[in-house]
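Visitor: Quick one: structure below, then a few questions.
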Amino acid sequence: MTAIARRPRLDARAAFRGWDRFDVVMALSALGLVVLGLLLIHSGSKADYSGPALSFANPVVKQIVFALAGFGAMLAMSRIDYHRLTHYWWLWYGGSLLALVAVLVVGQTQFGSTRWFDIGPVQVQPSEFAKLAVIVALARFFAEYGGDARELRALLTSLAIVVPVALLIFVEPDLGTAAVTVAIWLGVVVIAGVNRSHLAVLAAICLAAAPFLWTFAVADYQVERVSILIDPYRDQGGLGAGYNVIQAETAIGSGGLLGKGLGNGEQTQLDFLKVPTKDFIFSVLGEELGFAGAMGLFALYIVLLWRGIRAAQIAGDAAGQLIAVGIVVLILTQTFINVAVNVGLFPVTGIPLPFVSQGGSSLVALFASLGILQSIILRHRSYRQA
């Protein structure tokens with residue numbers, strides 16, 4: 001797509017006609033991932049949680065509550081015309097910036113990062129919702145004001161939308177989520193028709209600045225994680241920075257074709273595998289469900305991403321197309337990074353496996369993003385290119 005700054009024509013009859021075009025396949029694939037995640041969370045939390053089964057402190061119960069809240073958010077967002085989101089993009093985007101600044105001041109610090117607000121028994125991570133705000137802001141810009149991404153001015157302006165969010169997330173520090181935010185920008189500008197020479201110049205500038213960022217901006221523990229990626233076995237004691245990577249690779253490698261069965265993985269159940277319900281939940285799957293379980297997981301993601309791509313293809317206007325592309329890139333990038341961390345191809349970042357890892361903010365934000373996709377699908381016949 002090259003010229004995308006055209007204004008959509010609204011069908012006068014109605015923008016919303018009911019649930020007849022609701023994408024059930026998309027919803028079921030996401031729910032399938034959630035169910036698989038609940039099984040893995042149950043298995044991965046048995047060694048650490050021994051309280052009441054129906055308590056909110058139970059990781060499985062907590063995840064079910066968040067899943068229900070997320071599913072409700074998906075239904076609610078699907079009923080909202082996505083053009084209302086683009087019309088009020090500044091409110092969502094500005095609120096996200098304020099939340100990201102506030103979390104640095106009064107947020108909860110865990111594992112060396114300040115990413116969360118503690119609200120009673122619930123932790124809220126603003127960066128999960130900020131990624132959606134960036135997608136909506138970019139879609140609005142290119143659809144209404146930016147014209148064609150081939151223009152250098154439009155490209156730089158779009159970058160100015162992304163950089164403040166990415167920098168605030170990077171400062172937390174959260175390199176993984178910052179990388180996802182940049183990947184979203186890249187996916188959107190490619191679909192918007194970016195000039196390759198402009199992109200190449202920006203890439204060259206980033207490469208030239210990389211040594212300075214590595215020296216002055218990257219935290220010591222992040223440098224350690226990258227070095228461990230190269231040689232996780234250099235710590236001969238076995239309990240240093242490479243411990244998680246080694247245990248994750250051991251768990252996945254021991255699963256074989258069919259795995260050892262849920263609840264039977266030694267690395268998981270004997271507590272060798274740390275944070276097994278979050279960052280390293282794919283390792284639990286690899287150990288206990290094996291290669292077959294991993295292929296089932298990937299199949300669900302393929303179906304989900306396919307439906308997202310379909311939403312982009314049938315979108316009635318540029319805004320819908322670019323929002324759908326941004327959401328697909330979001331889910332794809334997070335999945336890739338999480339799996340790459342588990343198999344030792346990417347530094348440990350704290351990126352959750354979408355719809356599978358334990359985490360309320362991530363789950364609710366992802367379901368909300370599917371609700372926006374559903375809104376695009378439900379209304380694609382009402383908005384036409386002029």
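The values are calculated or read from the model by the stated rules, or taken from the named source; none is laboratory data. Quantities reported herein were computed from a predicted structural model and do not represent experimental measurements. Glycine gets a Cβ as well: all are built from the backbone with ideal geometry, and neighbour counts include every protein chain shown. Accessible surface is based on the protein model in full, side chains and every heavy atom, while ligands, DNA and RNA are left aside. Shrake-Rupley method; radii C 1.70, N 1.55, O 1.52, S 1.80 Å.
Visitor: Would you mind finding the one in Leu285, Leu300 that is buried (at least 24 other Cβ atoms within 10 Å of the Cβ) and part of a helix (DSSP H, G or I)?
Guide: Leu285
Visitor: Look at Phe367 and say whether it is touching a residue at least 12 places away in the same chain (Cβ under 8 Å), open to solvent by 10 Å² or more (accessible area, probe 1.4 Å) and aromatic (Phe, Trp, Tyr).
Guide: no
Visitor: Checking the structure you have, find out if any residue of segment 331-339 is free of Cβ contacts under 8 Å to residues at least 12 places away in the same chain and either within 24 Å of Gly44 (Cβ to Cβ) or within 13 Å of the chain's Cα centre (by Cα) (or both).
Guide: We begin by selecting, within segment 331-339, every residue free of Cβ contacts under 8 Å to residues at least 12 places away in the same chain; these are 336.
After this cut, where a residue has to be either within 24 Å of Gly44 (Cβ to Cβ) or within 13 Å of the chain's Cα centre (by Cα) (or both) as well, the list is 336.
Yes, some residue in segment 331-339 is free of Cβ contacts under 8 Å to residues at least 12 places away in the same chain and either within 24 Å of Gly44 (Cβ to Cβ) or within 13 Å of the chain's Cα centre (by Cα) (or both).
Visitor: Can you pull out every residue in segment 352-363 that is outside any loop (DSSP other than H, G, I, E, B) and either buried (at least 23 other Cβ atoms within 10 Å of the Cβ) or free of Cβ contacts under 8 Å to residues at least 40 places away in the same chain (or both)? Working first, answer last.
Guide: Within segment 352-363, the first condition is being outside any loop (DSSP other than H, G, I, E, B), and the residues that meet it are 360-363.
Hits for segment 352-363 are Ser362, Leu363.
Visitor: Only one of Leu68, Leu75 is open to solvent by 40 Å² or more (accessible area, probe 1.4 Å), at pLDDT 95 or above and more than 19 Å from the chain's Cα centre (by Cα); which?
Guide: Working: Leu68 fails: more than 19 Å from the chain's Cα centre (by Cα).
The match here is Leu75.
Visitor: Do we find that Thr268 is modelled with pLDDT under 95, in contact with a Gly (Cβ under 9 Å, 6 or more places away or on another chain) and in a helix (DSSP H, G or I) in this structure?
Guide: On the way: modelled with pLDDT under 95: yes; in contact with a Gly (Cβ under 9 Å, 6 or more places away or on another chain): yes; in a helix (DSSP H, G or I): yes.
Here the answer is yes, as Thr268 does meet what is asked.
Visitor: Between a residue in segment 178-192 that is under 13 Å from Gln321 (Cα atoms) and open to solvent by less than 20 Å² (accessible area, probe 1.4 Å) and any residue that is of a type in the set (D, E, K, R) and not in a helix (DSSP H, G or I), which pairs come within a Cβ distance under 9 Å, given they are 6 or more apart or on different chains?
Guide: Cβ pairs passing all conditions: Ala192/Asp148; Ala192/Arg150.
Visitor: Looking at this structure, is Gly290 in contact with a Pro (Cβ under 7 Å, 6 or more places away or on another chain), outside any strand (DSSP E or B) and surrounded by fewer than 22 Cβ atoms within 10 Å (Cβ to Cβ)?
Guide: No: the conditions fail for Gly290.
Visitor: Let me ask something additional. Filter segment 284-323 for residues that are of a type in the set (Val, Ile, Thr) and without any contact (Cβ under 8 Å) to a residue 40 or more places away in the chain and give the result. Even if it seems obvious, please write down each step before you answer.
Guide: At the first step, the residues of segment 284-323 found to be of a type in the set (Val, Ile, Thr) are 284, 302-303, 309, 314, 323.
Residues satisfying the conditions are Ile302, Ile309.
Visitor: In addition: Out of (1) at pLDDT 95 or above; (2) within 18 Å of Leu132 (Cβ to Cβ); (3) crowded, with 18+ Cβ neighbours inside 10 Å, what's the single condition that is false for Arg115?
Guide: (1)
Visitor: Among what's in segment 41-86 and is of a type in the set (A, V, I, L, M, F, W, C) and part of a loop (DSSP other than H, G, I, E, B), pick the residue that is nearest to Ser29 (Cα to Cα).
Guide: As a first pass, look at segment 41-86 and keep what is of a type in the set (A, V, I, L, M, F, W, C): 41, 47, 53-54, 56-57, 60-61, 64-69, 71, 73-77, 80, 85.
From what is left, the residues that are part of a loop (DSSP other than H, G, I, E, B) are 47, 53-54, 56-57, 80.
On the way: Ala47: 29, Ala53: 27, Leu54: 26, Phe56: 26, Ala57: 27, Ile80: 22 Å.
Per the stated criteria, the residue is Ile80.
Visitor: Let me ask something else about it. One residue is enough: does segment 323-332 have a residue meeting the conditions farther than 30 Å from Val134 by Cα and either part of a helix (DSSP H, G or I) or open to solvent by 50 Å² or more (accessible area, probe 1.4 Å) (or both)?
Guide: Here is the first cut: in segment 323-332, the residues farther than 30 Å from Val134 by Cα are none.
No, segment 323-332 contains no residue that is farther than 30 Å from Val134 by Cα and either part of a helix (DSSP H, G or I) or open to solvent by 50 Å² or more (accessible area, probe 1.4 Å) (or both).
Visitor: Determine the pairs where a residue that is farther than 18 Å from Val124 by Cβ, located within segment 54-74, has a partner that is open to solvent by 20 Å² or more (accessible area, probe 1.4 Å) and assigned to a helix (DSSP H, G or I) with Cβ atoms under 6 Å apart, the partner being 6 or more residues away or on another chain.
Guide: Taking only residues 6 or more apart or on different chains, the pairs are Val60/Leu38; Val60/His42.
Visitor: Restricting attention to segment 338-351, which residues are in a helix (DSSP H, G or I) and surrounded by 23 or more Cβ atoms within 10 Å (Cβ to Cβ)?
Guide: If the condition is that a residue be in a helix (DSSP H, G or I) and surrounded by 23 or more Cβ atoms within 10 Å (Cβ to Cβ), then Asn338, Val341, Asn342 are the ones that fit.
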